[in-house]
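A short worksheet on the structure shown next.
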Amino acid sequence: MGINLFSDKILQAICWTLLHSLWQALILAAITAFIMIVTKKSSSNLRYTLLSCIFILFLITVGFTFNRQWHLADENKMELTIAGNTSFNQHDLSISPGKNIQPINILQNYLSVFFNYFNTHASLIVTIWFIVFMAKCVRIFAGLVHVQRIRHYRVSDAPEFWKEKIIELANKLGIQKPILLLESAIVKVPVVVGILKPAILVPFGLLTNLPPHEVEAILIHELAHIRRRDYFFNLLQCFVDIIFFFNPAILWISSLIRNERENCCDDIAIHQTKNKKQFIQALVSFHQYNLSASKYAMPFADNKNRLLNRVQRIINNNSNHTLNSAEKIALVVSLFVFSVVFISITKGQSAPPKKQAAQNKSDVIKTDQSSQKTNKAKPSPNPERKKITNPKKINEPATTPAPDIETEPELQTDHDDFKTLGYTDISADQLDKLRDHGVTAEFIKELYQSGYRDISLEKALQLKDHGVSPEFINSFKEMGFKDISLDKAQELRDHGVSTGFIKDFREIGFNNISLEKAQQLRDHGVDAGFIKAFYQMNYKDISLQKAIELRNHGVNASFINDFREAGFNDISLDKAQQLRDHGVNLDFINEFRNSGFKTISLDKAIQLRDHGVTIGFIEKMKEKMGSADLSLDEYIILKDRF
């Protein structure tokens, strides 16, 4: 199997380029480790520059390697042919009487097998790589499509105050191009998208829910990405990562670059705000929204461990990360293996290969001629020598005979047990497989006793591998599910549905719950405790479908209880779901209450959120209009006009 679109020359060049990239990246990883250690107290910008140079150097090295392998492809093909013609003759010479086996020849034989294997199977290797590469290309393309989607779908303009602020901050950082600031209902953390027309997307409502100084610090961080043109280099890294997905060294270097990139932008933000504490507070505040982000955009907050590292670095006066214990161990082991292989190859190639091959070929011809003369002179060779030089006996690989039922007592016993159940044509290999998976005749007999006949051996293997036992099935039958099939039992086990899960629902009144509904509840994360919490708050008429709907919309008993404690005692489940869908939380309402709007209702809060009316907007209008006392409806009208 191969890629017919490419010639053998291209396939060999690609194959060897990918193989050489492993040791090339390993050497660069060692250099990277040295840089990480010696630059512990250096600036993040210096570390980022050095790591980026290492990354670019790797790409240049790969380019030169491919070019060289392209020109050597024909020569490798010729050497493969010569090696194939001489390998057997060399073996004959090494075992002939009076000829000693030299270690250097053995090493050369191993190397010859190694190189010949990859030359011969280059098409297969590149095909496997290409399949994985295309799958990852589809994934990265989907990521880029997602970036475009979040750029244009469910976005709205930021308030005027922040539009003006982003222009002011961009000018302070020396950014000349216009920067678009948008609120998005999709993103969970601030991200930068676009190269020619960059835009900063922030989660809907965060500009009003966080203190202005924290928002300003985050915007400076995102503007730093734009000034440094990080979006382009991040895309380049993504493409290199999918090309060399099998290369742990280059993936490690790429991850270090991403970490240092964030450190660079953190330093710029701290330098502009002159307040480390303020920036750390912003980091922690935004992390609670970090549920998902596209790796092809430039997200502000990463995972929890990454956030902790960033905070620790800022607190410790920019004390940079070096290498952890796992990275040190992996690097030392890799370098040791590489050194052993490199020394072996160097010794194996100490003699000129072409000249040595030609010499071996001439020696073989001379030996064959002399052996022919000897055979003519001596028609009856020494029988002992015949035994030694018989190529069939020497070259024939040792094989392990297949297990025989008649000679294996345990297999014979198992065979007899299965035979009594009707499996008369079962082979020794099948018995071995059944034994490895824990399938016994007793296991199938118990299934027979539970009413399941005509069970194939493959089905028995599936049930065992998925953890479906006769006891598991009988427990459902005892609860009234008499007609449960083996496929349904396997499906229930895969989805984590047990009899205990169903019993919990029966205890709170759902006596007629079906297996399909139980599976649906498990898939959506709804258990009896989730519904019981609503019962305790006097929502007695909640159905299973309503519980699934509430879970999908993020409404739980705690969310409703917060509103009840704030005075909204008559809140319904539908209203709670509506509040969650429109992004209205108790903090949003309390901002208006603290500003004098004590009688704000839930419907009015939803209306204010939908029209983008915030306390910041109201204060801005008060500054322009004096001390005018307007109602919330009037502020909604002003927001729609301005």
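The values are calculated or read from the model by the stated rules, or taken from the named source; none is laboratory data. Here the structure is a predicted model, which is why all the values come from computation and not from measurement. In this analysis, Cβ positions are derived from the backbone assuming ideal geometry, glycine residues included, and neighbour counts consider all displayed protein chains.
Please tell me if Gly525 is within 23 Å of Pro203 (Cα to Cα), exposed (fewer than 12 other Cβ atoms within 10 Å of the Cβ) and not assigned by TED's automatic domain parsing to the domain that holds Glu183. Give the derivation first.
On the way: within 23 Å of Pro203 (Cα to Cα): no; exposed (fewer than 12 other Cβ atoms within 10 Å of the Cβ): yes; not assigned by TED's automatic domain parsing to the domain that holds Glu183: yes.
No.
Answer yes or no: is there a residue in segment 49-59 that is among the small types (Gly, Ala, Ser) and touching a residue at least 40 places away in the same chain (Cβ under 8 Å).
Residues of segment 49-59 among the small types (Gly, Ala, Ser): 52.
Filter once more, keeping what is touching a residue at least 40 places away in the same chain (Cβ under 8 Å): 52.
Scanning segment 49-59, I find at least one residue that is among the small types (Gly, Ala, Ser) and touching a residue at least 40 places away in the same chain (Cβ under 8 Å), so the answer is yes.
So which residues in segment 136-147 are over 14 Å from Cys238 (Cα atoms) and either free of Cβ contacts under 8 Å to residues at least 60 places away in the same chain or among the small types (Gly, Ala, Ser) (or both), if there are any at all?
Val145
For Ile531, state whether it is in contact with a His (Cβ under 6 Å, 6 or more places away or on another chain) and buried (at least 16 other Cβ atoms within 10 Å of the Cβ).
Here the answer is no, as Ile531 does not meet what is asked.
Please go through (1) closer than 22 Å to Lys503 by Cα; (2) under 34 Å from the mean Cα position of the chain (by Cα) for Ser475 and return the number of the only condition it doesn't satisfy.
Going through (1) closer than 22 Å to Lys503 by Cα; (2) under 34 Å from the mean Cα position of the chain (by Cα) one by one, Ser475 breaks only (2).
Could you tell me which of the residues Ile220, Ile250, Ile270 is in contact (Cβ under 8 Å) with a residue 24 or more places away in the chain and within 23 Å of Lys41 (Cβ to Cβ)?
Numbers: Ile220 fails: within 23 Å of Lys41 (Cβ to Cβ); Ile250 fails: within 23 Å of Lys41 (Cβ to Cβ).
Checking each option against the conditions leaves just Ile270.
Every residue, every condition in (1) in contact with an Asp or Glu (Cβ under 8 Å, 6 or more places away or on another chain); (2) at pLDDT below 90; (3) surrounded by 14 or more Cβ atoms within 10 Å (Cβ to Cβ), yes or no:
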position: Phe6; (1), (2), (3): no, yes, yes
position: His20; (1), (2), (3): no, no, yes
position: Ile37; (1), (2), (3): no, yes, no
position: Cys53; (1), (2), (3): no, no, no
position: Thr65; (1), (2), (3): no, no, yes
position: Ala83; (1), (2), (3): no, yes, yes
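Across segment 449-462, what is the number of residues that are modelled with pLDDT of 85 or more and out of contact with any Pro (no Cβ under 9 Å at 6 or more places or on another chain)?
Residues of segment 449-462 that are modelled with pLDDT of 85 or more, as a first pass: 449-452, 455-462.
Checking which are out of contact with any Pro (no Cβ under 9 Å at 6 or more places or on another chain) leaves us with 451, 455-462.
Total meeting the criteria: 9.
Which strands (runs of 3 or more DSSP E) does segment 108-224 wholly contain that include 1 or more residues that are β-branched (Val, Ile, Thr) and in contact with an Asp or Glu (Cβ under 6 Å, 6 or more places away or on another chain)?
On the way: elements: 155-157, 180-184, 191-193, 199-203.
Of the strands (runs of 3 or more DSSP E) lying wholly inside segment 108-224, those with at least 1 residues that are β-branched (Val, Ile, Thr) and in contact with an Asp or Glu (Cβ under 6 Å, 6 or more places away or on another chain) span 191-193, 199-203.
Based on what the data block shows, is Ile508 β-branched (Val, Ile, Thr) and surrounded by 15 or more Cβ atoms within 10 Å (Cβ to Cβ)?
On the way: β-branched (Val, Ile, Thr): yes; surrounded by 15 or more Cβ atoms within 10 Å (Cβ to Cβ): no.
In short, no.
Please enumerate the residues belonging to segment 408-466 that are surrounded by 15 or more Cβ atoms within 10 Å (Cβ to Cβ), among the acidic types (Asp, Glu) and closer than 24 Å to Lys488 by Cα.
Matches in segment 408-466: Glu446 only.
Can you confirm whether segment 87-109 contains a residue that is of a type in the set (Lys, Arg), modelled with pLDDT under 65, farther than 30 Å from Lys197 by Cβ and touching a Leu at 6+ places or on another chain (Cβ under 7 Å)? Lay out the reasoning, then the answer.
The initial filter retains those residues of segment 87-109 that are of a type in the set (Lys, Arg), namely 99.
With the extra rule that they be modelled with pLDDT under 65, the set shrinks to 99.
Restricting the remaining residues to those that are farther than 30 Å from Lys197 by Cβ gives 99.
Next, only the ones that are touching a Leu at 6+ places or on another chain (Cβ under 7 Å) stay: 99.
Within segment 87-109, one or more residues are of a type in the set (Lys, Arg), modelled with pLDDT under 65, farther than 30 Å from Lys197 by Cβ and touching a Leu at 6+ places or on another chain (Cβ under 7 Å).
Among the listed residues Ile140, Ile166, Ile175, which satisfies the condition of being farther than 22 Å from Thr614 by Cβ, over 32 Å from the mean Cα position of the chain (by Cα) and surrounded by 12 or more Cβ atoms within 10 Å (Cβ to Cβ)? Quick ask: steps written out before the conclusion?
On the way: Ile140 fails: over 32 Å from the mean Cα position of the chain (by Cα); Ile166 fails: farther than 22 Å from Thr614 by Cβ.
Result of the check over Ile140, Ile166, Ile175: Ile175.
Which number in (1) at pLDDT 90 or above; (2) within 28 Å of Asp610 (Cβ to Cβ) marks the one condition that Ile218 misses?
The single condition Ile218 does not satisfy is (1).
Restricting to segment 229-271, what's the tally of residues that are over 30 Å from Ala170 (Cβ atoms), in a helix (DSSP H, G or I) and either touching a strand residue (DSSP E or B) at 6+ places or on another chain (Cβ under 6 Å) or of a type outside the set (A, V, I, L, M, F, W, C) (or both)?
Number satisfying all stated conditions: 2.
Among the residues of segment 604-611, is there at least one that is surrounded by 16 or more Cβ atoms within 10 Å (Cβ to Cβ), among the β-branched types (Val, Ile, Thr) and at pLDDT 90 or above?
yes
Taking segment 148-163, which residues are surrounded by fewer than 18 Cβ atoms within 10 Å (Cβ to Cβ) and not charged (D, E, K, R)?
Applying the first criterion (surrounded by fewer than 18 Cβ atoms within 10 Å (Cβ to Cβ)) to segment 148-163 yields 148-149, 152-154, 156-157, 160-161, 163.
Of everything in segment 148-163, those that are surrounded by fewer than 18 Cβ atoms within 10 Å (Cβ to Cβ) and not charged (D, E, K, R) turn out to be Gln148, His152, Tyr153, Ser156, Phe161.
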